[in-house]
1. Please get the size of the charge dipole for the stretch 190-257, origin at its Cα centre, with Cβ charges of +1 on Lys and Arg and -1 on Asp and Glu, quoted in debye to the nearest 20.
2. Run the accessible area of the stretch 132-229 with a 1.4 Å probe and give the carbon-and-sulfur part as a rounded percent.
3. Based on the alpha-carbon gyration tensor of the stretch 8-118 and its eigenvalue square roots a ≥ b ≥ c, which shape applies: rounded if a/c is under 1.5, prolate if not and a/b is larger than b/c, or oblate?
4. Which of the peptides 233-241, 162-170 is most tightly packed, and how do the rest follow, judged by the mean count of other Cβ atoms within 10 Å per residue?
5. Among Arg157, Arg13, Arg182, which one shows the highest mean-square fluctuation when the chain is modelled as a Gaussian network with alpha-carbon springs under 10 Å?
6. Return the single residue from Ile264, Ile195, Ile64 with maximal mean-square fluctuation; model: Gaussian network over the chain, springs between Cα atoms under 10 Å.
7. Lys/Arg Cβ at +1, Asp/Glu Cβ at -1, dipole of the stretch 81-129 taken about the Cα centre: which of Gly94, Ser128, Gly116 is farthest positive-ward?
8. Along the stretch 80-95, what does the Karplus equation 6.51 cos²θ - 1.76 cosθ + 1.60 (θ = phi - 60°) give for ³J(HN,Hα), rounded to whole Hz, x for Gly and Pro?
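The values are calculated or read from the model by the stated rules, or taken from the named source; none is laboratory data. No experiment lies behind these values; they were computed from the predicted model shown. Please note: Cβ atoms are built from the backbone with ideal geometry, for glycine as well, and neighbour counts cover all protein chains shown. The protein model used for the area step is the full one, side chains on, heavy atoms only, and it has no ligands, DNA or RNA in it. Shrake-Rupley method; radii C 1.70, N 1.55, O 1.52, S 1.80 Å.
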Amino acid sequence: MYIGIDIGGTHTRVALGQGEILQEKVDFPTEDFPTSLQKIKEALENLGKKSEIQGIGVSVVGPIDLSNQKLLKPAHLTAWQGIAIKDELERAFGRTVVIKHDAAVAGLAEWKYGAGKDKNPVLYYTVSTGVGVGLIVNGKIFEGTHNIEAGHQIVQRGGPACTCGQNGDLDVFASGEGILKRTGKSSKEIEGTDIWGQLIDWVAVGVTNSILHYCPQIVVMGGAQTNNQDLFFPPLRESIKKYLHAIPIPEIVPSKFRADSGLIGALILAEEKSDK
Ligand SMILES: [Zn+2]
């Protein structure tokens, strides 16, 4: 059995499993690094009593400095800035861990077992506390130097400030945190309203740009804002039709694993590593 750890801006999840099957999972709020690390260690000890652990994979919010495996300045986890995440976790767990960017890890799960199975490339978008983007090419995460950070693509010159330090980026207009900051309302409260319509339209601008950049065969979308699929996907597809004319629009589908995609992707990382 393998351990998958998904460290998000709001929640941390730890699961024991293999392939696309999660045998058991634990979920707790993400706090400062020492507190979260302690909780993850406790979860590992408990899960480790149920089965031998063959490897550990971790999904974490970016951006990550890939050359030294440090968190740069996570827009939705600012307290973790500068943490040498791989070193810290390996020291705490006493074994090798594989760490990748959360949206890319979720995309990997959707490519291997989910809504993007057998498609190439797979573009994954999460619209949640933050907006994250992952790209899977030939079954591998495309990382570049710092992972794709297209959630922070600029969509309006001189727009409102994002916690990442930029202005007018997609995250400000479409993330749960951005919506709360600009309107004082949660994403759930704005569903079906004019603000919701604007959110969808901003997401459509971002997804259109990403389709033009990466030419994916399929776009898989997850995250809390996409949970109400009837309110999210039909208007999104309509908006993209309005913007995208240069190339055909690829399939745009909901994620199969929803909130579990990061955990399943983390299990894949753990399993790939242990095969080597
Ligand atoms: Zn930003």
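1. Charge dipole of the stretch 190-257: 220 debye, to the nearest 20.
2. The C+S portion of the solvent-accessible surface of the stretch 132-229 is 52 percent.
3. oblate
4. Listed from highest to lowest mean packing, they are 162-170, 233-241.
5. Arg157
6. Ile195
7. Gly116
8. 9, 4, x, 5, 7, 4, 5, 4, 4, 5, 5, 5, 5, 9, x, 7
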